[in-house]
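S.K.: Quick one: structure below, then a few questions.
The values are calculated or read from the model by the stated rules, or taken from the named source; none is laboratory data. Just so it is clear, the structure is predicted and the values come from calculations on it, not from any experiment. Cβ atoms come from the backbone with ideal geometry, glycine included; neighbour counts cover every protein chain shown. The area values use the complete protein model at the heavy-atom level, side chains included, leaving out ligands, DNA and RNA. Shrake-Rupley method; radii C 1.70, N 1.55, O 1.52, S 1.80 Å.
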Amino acid sequence: DGTYIYGYELGYDVSKIIKSITDKESKATVSYLDKSGNKKTSGIIASGDKITIKTNREEKTYILIIYGDANGDGKISSSDYVMLKNHIMDIKKIVQ
């Protein structure tokens, strides 16, 4: 639906995403925020991070999804498993 970006591998760096966008669209400005709303220019990407791409034609914000990273720390660990298990069992739903 144009709201989510997915398909990146674990450990992918924020700076590489920003560079790949600006290499394709030199006049684009890219803003990258972590799930708490803090600006991020480097470090690993994580589920729930937001990237806003602004060109002279439009501005669009996307939410990153890293498969398996349910808690949004950029890693896959037992805490992700517990969150997913609790969601499936209707114990505690994962809220975006």
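S.K.: Please list, in order along the stretch 59-69, the HN-Hα scalar couplings obtained from phi with the Karplus expression 6.51 cos²θ - 1.76 cosθ + 1.60 (θ = phi - 60°), rounded to whole Hz, x for Gly and Pro.
M.R.: 10, 9, 10, 10, 9, 7, 10, 10, 4, x, 8
S.K.: Sticking with this one: If you roll a 1.4 Å probe over the chain with all protein chains in place, what percent of the accessible area is carbon or sulfur? Intermediate values should be presented prior to the final figure.
M.R.: Working: 3480 of 6580 Å².
Answer for the chain: carbon and sulfur cover 53 percent of the accessible area.
S.K.: Next up: Quick check: the angle from helix 78-88's long axis to the longest principal axis of the chain, C-alpha only, nearest 10 degrees?
M.R.: For helix 78-88, the angle is close to 80 degrees.
S.K.: To continue, here is another question. Largest first and to the nearest Å, give the Cα extent of the chain along each principal axis.
M.R.: For the chain, the Cα spread along each principal axis is 46, 24, 23 Å.
S.K.: For the chain, what is the accessible area per residue in Å² when the probe is 1.4 Å? Spell out each step's value before the answer.
M.R.: Numbers: 6580 Å² over 96 residues.
Heavy-atom accessible area per residue stands at 69 Å².
S.K.: Which of the peptides 21-34, 43-56 is most tightly packed, and how do the rest follow, judged by the mean count of other Cβ atoms within 10 Å per residue?
M.R.: On the way: 21-34: 13.9, 43-56: 17.5.
Descending mean neighbour count gives 43-56, 21-34.
S.K.: Continuing with the same structure: What would the Debye formula give as log10 I(q)/I(0) at q = 0.28, 0.30 Å⁻¹ for the alpha-carbon point model of the stretch 37-77, no solvent?
M.R.: Treating every Cα as an identical point scatterer, log10 I(q)/I(0) equals -0.98, -1.05.
S.K.: If you don't mind, there's one more thing I want to ask. For the chain, what's the relative contact order in percent, using C-alpha pairs closer than 8 Å and at least 6 residues apart? Kindly include the intermediate steps, with their values, before the conclusion.
M.R.: Details: 160 pairs, mean separation 24.8, N = 96.
Dividing the mean separation by the residue count of the chain yields 26 percent.
S.K.: Working from Cα positions, state the angle (0 to 90°, nearest 10) between the long axis of helix 14-24 and the longest principal axis of the chain.
M.R.: The angle comes out at about 40 degrees.
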